[in-house]
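A quick write-up on the structure given underneath.
The numbers here are math on the coordinates, done by the rules we state, and not lab data. Please read all numbers here as calculations on a predicted model, not as lab measurements. In this analysis, Cβ positions are derived from the backbone assuming ideal geometry, glycine residues included, and neighbour counts consider all displayed protein chains.
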Amino acid sequence: MAHPLVAANWKMNTTLTEAEALVRAEMAELGALDGLDVVLCPPFVSLGRVAGLVKGTRLHVGAQNLHWENEGAFTGEVSADMLRHLCKYVIVGHSERRQLFGETDEMVSRKVKAALAADLIPILCVGEVLEEREQGRAIEVVTTQVRAALEGVASTDRVVVAYEPVWAIGTGLAADGAAAEEMCGLARQLVAEAQGEGAAKYTPILYGGSVNPDNISQYVGQPNVDGALVGGASLKPDQFVAIARATAEARVA
Ligand code: 13P
């Protein structure tokens, strides 16, 4: 079974001071949860501070993006080499990056490779927009995204896949448990296709999109949903701790 994992995507929220306060408000309770990986993904400018705060605890840190080149004339960008000293995970291909910043499947694929080359674990985000779901194309879209991102990835490379239907992000319109299971199951099959059955079994597959303490159980109660990628609720310590605790209760034997 894959290790359960809950990741907090703070997006473009929190100043350095607010980031520190958020970590301090939840780190003791999160750190006490056995058998669950918790990943906090603050904005770049707070990575160092958050990494320092959680050092020596069970908590992990992740970045929200990276560039695929390691250095050079790319004003405003941050490379895997810079991140590897600060964090263990990096979110790649979030739908906001794809939709608002023009990230293509090819760019996402290069970012995944860059992360892996630096021993970072990519949290690969995939998911269809509402129109694609309504046209019955969700499976096709997610299949294309995962295949493109994982092409050429070795069986020993560690990745996390997050299925985040775009229509469910920040809308309160969360997918139901059965839909999440169907798409997370598909993601696992696609990981198996790219990296083999053995790797797929141990790859955490997450659901994301309007996850909150009231609906988390319907996701992590599914066989193929190993945890959640949480946006809005991750900025509220009580809610994020409740989500993490429910995940640990559902999935840690
Ligand atoms: P919300 O939980 O705010 O819907 O955001 C989900 C998300 O985009 C996490 O990456």
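Laid out as a table, the results:
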quantity: Lone unmet requirement of (1) away from the ligand (no atom under 12 Å from the Cβ); (2) out of contact with any Lys or Arg (no Cβ under 9 Å at 6 or more places or on another chain); (3) among the aromatic types (Phe, Trp, Tyr) for residue 202; calculated: (2)
quantity: Subset of region 3-22 [farther than 17 Å from residue 164 by Cβ and crowded, with 19+ Cβ neighbours inside 10 Å]; calculated: 4, 14, 19, 22
quantity: Of all residues making up region 205-238, the number that are in contact with a Lys or Arg (Cβ under 6 Å, 6 or more places away or on another chain) and of a type in the set (A, V, I, L, M); calculated: 2
quantity: Long-range neighbours under 7 Å by Cβ, at least six apart or interchain, first residue in a loop (DSSP other than H, G, I, E, B) within region 72-94, second of a type in the set (Asp, Glu); calculated: 84/119; 93/103
quantity: Members of region 95-133 found to be in a helix (DSSP H, G or I), within 14 Å of the ligand (Cβ to nearest atom) and small (Gly, Ala, Ser), listed by number; calculated: 95
quantity: Residue list for region 217-253, filter: within 11 Å of the ligand (Cβ to nearest atom) and either assigned to a helix (DSSP H, G or I) or of a type in the set (S, T, N, Q) (or both); calculated: 232, 233, 234, 235, 239, 240, 243
quantity: Unique residue being away from the ligand (no atom under 15 Å from the Cβ), free of Cβ contacts under 8 Å to residues at least 24 places away in the same chain and of a type outside the set (D, E, K, R) when the list is 32, 25, 19; calculated: 32
